[in-house]
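Beneath this line is the structure, given in structure tokens, with notes to follow.
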Amino acid sequence: MKKIIAIYGKGGIGKSSTASNIAAACAMNGKKVMLIGCDPKSDSSITLLGGKRIPTVLETLKEKKNVQKDDVIFEGFGGVKCMEVGGPEPGVGCAGRGIIVAIETLKKIYPEYLDNDLIIYDVPGDVVCGGFVAPIKKGFVNEVYVLTSGEYMPLYAANNICRGFNKIGMDLGGVICNSRNADRERELAEEFSDKIGSKLIGYIPKDPLVQSCERDGFSVLEKAPESEIAGVYKQLAEDLLANDERVKATPLDDDELRELSKKYSA
Ligand code: ADP
Ligand code: SF4
Ligand code: MG
């Protein structure tokens, strides 16, 4: 089945950096990749485009009647096609609704988008309402991952997101840990994944290169392709492409999650 994945997780946990580095890694491996940024911050693709922001679908739709592919889809590093949904008017529109409008537009202006080998949706933070799972509910996405660190709040969010997936009948592809250098973080992430009935599919160490490359407008794959962290993203990209496991997650209750977190704190 075609890989159309979305990575969920607490705001600031590293969804955009993970999505863009994985996109770059797959592209370097000869895959046709599209990255769809759904966060109103519209910063998913910026490191694939040398630090440049692209016009978003929602703002372009406001300015132009007949939006064309070239207006909103731009080729970045390795030929990755980048699109940013953009945000609704602050305090007025609905982000979830905006995502649906943008994807319907994508289908019209670039109907062959499903020919890509990998499509990655970089979605907004925690699931707080139905809007954030709109790409899943609408059937745009067929594989979902949760990104967490070993810290309590990101784990709490990841666990909650799994509850959201269950509510809409979406099985989980796996857990990815983006390290914050918490105590015995890999072990904790492994036990968490195991307890929710899934598996830890990748562990990304905390590495200052991620931020310094980002500051310069690049993925680590482009700016530091020989680095250790680039190797981690390459491996994760391969593992994601090869992964065909899906499980109905079994989220922990609040006490269980707290106990698990305590067990690993120094
Ligand atoms: P999100 O999209 O989940 O809100 P971002 O991808 O924007 O989060 O990441 C938040 C910050 O953390 C960014 O400045 C990013 O460069 C940094 N970051 C993400 N992953 C790592 C990592 N593995 N090592 C170091 N910094 C990271
Ligand atoms: Fe829409 Fe949900 Fe955002 Fe409310 S919280 S505006 S329903 S996406
Ligand atoms: Mg982001």
Of Val85, Val128, Val141, the most mobile residue in a GNM of the chain (C-alpha springs, cutoff 10 Å) is Val128
Whole-percent tail of the Cα-Cα distance distribution for the range 117-201, cut at 19 Å, equals 36 percent
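Go ahead and run the numbers for FRET between Asn66 and Val101, Cβ-Cβ distance against an R0 of 25 Å, rounding to 0.05.
After rounding, the FRET efficiency stands at 0.95.
For the range 186-257, how big is the tail of P(r) above 19 Å, as a whole percent of Cα pairs?
Looking at the range 186-257, the distances longer than 19 Å represent 50 percent of pairs.
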For Asp71 the rounded accessible area (nearest 10 Å², probe 1.4 Å, non-protein molecules ignored) is 40 Å²
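Lysine pairs, Cα distance under 15 Å, 8 or more residues apart or cross-chain: how many in the range 1-53?
Taking the Cα cut-off of 15 Å, the pair count is 7.
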Here Rg/Rh (Cα, Kirkwood) for the range 71-150 equals 0.96
Of every hundred units of 1.4 Å-probe accessible area on the range 152-195, the number belonging to carbon and sulfur atoms, as a percent, is 41 percent
Checked the range 8-71 with the C-alpha gyration tensor, a ≥ b ≥ c its square-rooted eigenvalues, rounded below a/c of 1.5, otherwise prolate if a/b is larger than b/c and oblate if not; verdict oblate
By accessible area (1.4 Å), largest first, Glu190, Glu185, Glu228 order as Glu228, Glu190, Glu185
Plugging the Cβ-Cβ distance of Lys108 and Glu187 into 1/(1 + (r/R0)^6) at R0 = 41 Å yields, to the nearest 0.05, a FRET efficiency of 0.30
Rounded to the nearest 0.05, FRET efficiency between Asp171 and Gln235 (Cβ-Cβ, R0 22 Å) equals 0.40
Per the chain, sqrt(5λ) over the Cα gyration tensor eigenvalues, sorted largest first, in Å, gives 29, 21, 16
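Relative contact order of the range 23-83: what whole-number percent is it, with Cα pairs under 8 angstrom and at least 6 residues apart? Let's see the in-between values first.
Values: 78 pairs, mean separation 26.1, N = 61.
It rounds to 43 percent for the range 23-83.
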With 0.36 nm assigned to each residue of separation and the Cα-Cα distance removed, Leu209 to Cys94 gains 37.9 nm
Per residue convex hull volume, Cα only, the range 1-110, in Å³ is 114 Å³
The convex hull of the Cα atoms of the range 156-198, divided by residue count, gives a volume in Å³ per residue of 68 Å³
Inter-part gap, Cα centre of the range 5-52 to Cα centre of the range 92-145, in whole angstrom, is 14 Å
Quick calc of log₁₀ I(q)/I(0), the range 132-266, Debye, one scatterer on every Cα, no solvent, q values 0.10 1/Å, result -0.36
Computed, not fitted: 222 nm per-residue ellipticity of the chain from DSSP H runs ≥ 4 (each -39500 (n - 2.57)), nearest 500, equal to -12000 deg cm²/dmol
Here the equivalent ellipsoid of the range 39-94, derived from its Cα gyration tensor, has semi-axes (largest first, whole Å) of 21, 15, 7
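Of Arg184, Arg246, which has the most accessible area with a 1.4 Å probe, and how do the rest follow in descending order?
Arg184, Arg246
The values are calculated or read from the model by the stated rules, or taken from the named source; none is laboratory data. All figures in this text were calculated on a predicted structure; none of them were measured in a lab. As a convention, Cβ positions derive from the backbone with ideal geometry for all residues, glycine included, and neighbour counts pool all protein chains shown. Only protein heavy atoms, including side chains, enter the accessible area calculation; ligands, DNA and RNA are left aside. Shrake-Rupley method; radii C 1.70, N 1.55, O 1.52, S 1.80 Å.
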